[in-house]
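First up is the structure itself, then whatever we jot down about it.
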Amino acid sequence: MTSLATERRGSTYVEFLVVVVPFFLFVLCVLQTALLEFADLVVARSADAAARSAVVVLDDDPARYQGEPRNTVSPGGAREDAIRRGAANALAAMSTANDAERSSLLEVTFPSEPGSDQLRRAFDPAELVTVRVSYRFRCGVPLARRIMCRDAGSGDDGDNFYIMRAEASLPNQGARYAYGRSAR
C-alpha cells in the first residue's frame with residue numbers, strides 16, 4: 001500500500017484547478033472592465049447630448065414647456081424632462097436596461113460651473129450651461145461584479161452597481177427675440 005505523500009494520481013487535476021480558477025476569474029474581470037469602459041463612454045456621450053438639449057430647451061418657447069419661464073429648469077418640470085430624455089436617448093446604446101429602468105438609474109443635474117457641487121436652476125443668455133449626468137450601471141458579470149463593483153452599492157435584487165458620472169458644458173444659445181404671448 002502506498003502513502004498519500006507518494007501518491008501521484010489526481011495531481012494533474014489539482015494543478016488544473018489551481019491554474020484554471022484564477023484564470024477564469026481574470027477573464028471575467030477583463031470582461032467586466034470592458035463593459036465598464038463602454039458604459040463610461042456612453043455616459044460621456046449622454047452628458048454631451050444632455051448639454052446639447054439644455055442649450056436648445058432652456059431658451060425655447062414657454063408654451064412648449066407648460067409655461068415654465070425661459071432659461072429656468074424646475075425640478076420635475078417639462079424643461080428638465082426634455083433634457084433628461086436627451087440624456088436617456090444616448091444611454092439606449094446600453095441594452096442592460098429597458099427605458100423605465102434606465103430612467104430610474106439616471107440623474108441629471110446642473111452644476112453652477114464644471115466640477116462644482118453647487119447646483120443651479122436659472123441661466124442667463126449666452127452663459128455657460130453645465131450638465132452632469134450620473135448613471136448607476138448594473139454590473140452583470142458573475143463573480144467579477146463582487147470584486148469590481150462592491151463599493152458602489154447594490155440594488156433591491158442584490159445586483160451591484162457602479163456609479164458613472166460625466167459632465168458637459170456648452171454656451172446657452174440665448175435667443176434675442178420674444179415669443180408670441182409669453183413676451184408680454
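Rundown of residues vs (1) touching a Leu at 6+ places or on another chain (Cβ under 6 Å); (2) of a type in the set (D, E, K, R); (3) part of a loop (DSSP other than H, G, I, E, B), yes/no style:
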| position | (1), (2), (3) |
| --- | --- |
| 108 | no, no, no |
| 113 | no, yes, yes |
| 116 | no, no, yes |
| 138 | no, yes, no |
| 142 | no, no, yes |
| 145 | no, yes, no |
### From the options 93, 87, residue that is under 21 Å from residue 163 (Cβ atoms) and outside any helix (DSSP H, G or I)
93
#### Entry: Qualifying residue in region 48-64 (condition: of a type outside the set (A, V, I, L, M) and surrounded by fewer than 16 Cβ atoms within 10 Å (Cβ to Cβ))
yes
### Task
List every residue pair whose Cβ atoms sit under 7 Å apart, with the two residues 6 or more apart in sequence or on different chains, where the first one lies in region 123-134 and is outside any strand (DSSP E or B) and the second, anywhere, is of a type in the set (Val, Ile, Thr).
123/129
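Residues of region 8-56 being among the polar types (S, T, N, Q) and either within 26 Å of residue 133 (Cα to Cα) or touching a His at 6+ places or on another chain (Cβ under 8 Å) (or both), which ones?
Here is the first cut: in region 8-56, the residues among the polar types (S, T, N, Q) are 11-12, 32-33, 46, 53.
If the condition is that a residue be among the polar types (S, T, N, Q) and either within 26 Å of residue 133 (Cα to Cα) or touching a His at 6+ places or on another chain (Cβ under 8 Å) (or both), then 32, 33, 46, 53 are the ones that fit.
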### Query
Can you name the residue in region 72-85 that is buried (at least 20 other Cβ atoms within 10 Å of the Cβ) and touching a residue at least 40 places away in the same chain (Cβ under 8 Å) and is also nearest to residue 121 (Cα to Cα) among such residues?
73
### Task
Go through (1) surrounded by 13 or more Cβ atoms within 10 Å (Cβ to Cβ); (2) touching a Lys or Arg at 6+ places or on another chain (Cβ under 9 Å); (3) among the polar types (S, T, N, Q) and name the single condition residue 89 misses.
(2)
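Residue-wise test of (1) under 12 Å from the mean Cα position of the chain (by Cα); (2) closer than 28 Å to residue 142 by Cβ.
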position: 13; (1), (2): no, yes
position: 26; (1), (2): no, yes
position: 31; (1), (2): no, yes
position: 34; (1), (2): no, yes
position: 43; (1), (2): yes, yes
position: 67; (1), (2): no, no
position: 82; (1), (2): no, no
position: 94; (1), (2): yes, yes
#### Entry: Single residue of region 58-84 satisfying the filter (at pLDDT 90 or above and in a helix (DSSP H, G or I)) that is farthest from residue 164 (Cα to Cα)
65
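The values are calculated or read from the model by the stated rules, or taken from the named source; none is laboratory data. As the structure is a prediction and not an experimental result, all values here were calculated from the model. Glycine gets a Cβ as well: all are built from the backbone with ideal geometry, and neighbour counts include every protein chain shown.
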